[in-house]
Amino acid sequence: MENIYTFKNLTQQTMCHHLVTQKEPTAPYSFSLALHTNEEPSQILKNRNLLKEYFPKMNFVVANQTHSSNIHIVTKSQEIGWQKLEEAIEDCDALITNQPNIMLTILTADCVPILLLDPKQKVVSAIHAGWKGTEQEIVFKTVEKMKEKFNSNPSDIIAGVAPSIGKCCYEVDWNVAQHFENIENAYEKIGEKYMLDLPYINKSQLLKAGLKEENIELSNVCTACEVEHYFSYRKENGCSGRFMSMIGIVI
C-alpha cells in the first residue's frame, strides 16, 4: 500500500498507529473501503484485507455512520464490522477506546474525520463529522466523554483533522449555513451561496473543549481539490467510494 496520509503530531507518538488511506488506481474500486455503498463486497474485502496486512496485530472496528452525535466506547479487543456490514456498530459516529490493539475507523468522502489521542490516559478516538454532526458538536461531546469515562485532560489530547472538503469547495445554502452563524469565520458569503469551512469549525470545537491549539493539526487537504487522491462525494457527483481514517493504541 503506497498511498497514505499521516499526521506529524500523531506519528511522534509511538504508543499509537494511525493513517488515512488514499485512492489506489490499480485496486478494486480505487481502494474504496466501504461495504455500505453497494459495491461487490468480495472486492471491498480484498482492499480491507490488504489494509489489515499493514497492521496485522490490530483488530479493526467499523461503525454504521448516520450523521448523529452518538458515541460508542469499545471495551473489548475484537474485530467488529470488518468482514460484514451487518456486524458494524449501529447508529454511531464517534468511537473511543482505551484498549490496546484496536483500530478505530471512520469512512468518508468529504465529511471531516478527526483522530484523537490522549497519550497520558492512553485513550484514542475516531470521529465522523459531516455538517449535521458538526452542528451537533460531536467533536466537543467526544472530548467530554473522554473526560467523563477515562479522566482525560483536554490539554493533553492530540488531534488530527484529516482530509475533507474545504471552504474552497463546500458550497451550501442558508438552511445549512444558518446553523453556524454564531461562529466567527465559519463561512464566506458569495452571492446567495455560502462557502462553509467544516475543518475550521471542528477545530473551533476542539479549542472550546479545552485542547491546546498547538496540539491540533489540520491536514489542510481538500478532498474535492485533490480528487485524484481522495474520494469526494461532491466532486464525483455522488461517488460510492470511501477512504478510511484510523487510529489505535499499540503495545
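Since every read-out is calculated from the coordinates, none of them should be taken as a lab result. Quantities reported herein were computed from a predicted structural model and do not represent experimental measurements. With ideal geometry, Cβ positions are generated from the backbone for all residues, glycine too; neighbour counts draw on all protein chains shown.
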(message) Among the residues that make up segment 192-213, is at least one of them touching a Cys at 6+ places or on another chain (Cβ under 7 Å) and β-branched (Val, Ile, Thr)?
(response) no
(request) Please enumerate the residues belonging to segment 162-202 that are closer than 11 Å to residue 222 by Cβ and in a loop (DSSP other than H, G, I, E, B). (result) 163, 165, 166, 167, 168, 169, 170, 197
(request) Return the total of residues in segment 96-149 being assigned to a strand (DSSP E or B), in contact with a helix residue (DSSP H, G or I) (Cβ under 8 Å, 6 or more places away or on another chain) and not acidic (Asp, Glu). (result) 11
(request) Please work out which residue is surrounded by the most Cβ atoms within 10 Å (Cβ to Cβ), limiting yourself to segment 132-158 and to residues that are of a type outside the set (Ser, Thr, Tyr) and over 19 Å from residue 70 (Cα atoms). (result) 157
(message) If I ask for residues that are assigned to a loop (DSSP other than H, G, I, E, B) and surrounded by 15 or more Cβ atoms within 10 Å (Cβ to Cβ), which ones from segment 14-35 would you list?
(response) 22, 23, 24, 27, 32, 33, 34, 35
(message) Please go through (1) surrounded by fewer than 18 Cβ atoms within 10 Å (Cβ to Cβ); (2) under 15 Å from the mean Cα position of the chain (by Cα) for residue 55 and return the number of the only condition it doesn't satisfy.
(response) (2)
(request) Select from segment 175-200 the residues that are in contact with a strand residue (DSSP E or B) (Cβ under 9 Å, 6 or more places away or on another chain) and surrounded by 15 or more Cβ atoms within 10 Å (Cβ to Cβ) and list them in ascending order. (result) 176, 177, 180, 186, 187, 194, 195, 196, 197, 198, 199, 200
(message) Pairs needed: first member in segment 140-164, within 13 Å of residue 98 (Cα to Cα) and in contact (Cβ under 8 Å) with a residue 24 or more places away in the chain; second member anywhere, polar (S, T, N, Q) and surrounded by fewer than 22 Cβ atoms within 10 Å (Cβ to Cβ); C-beta distance under 8 Å; at least 6 residues apart or different chains.
(response) 146/121; 150/98; 150/121; 151/121; 152/121
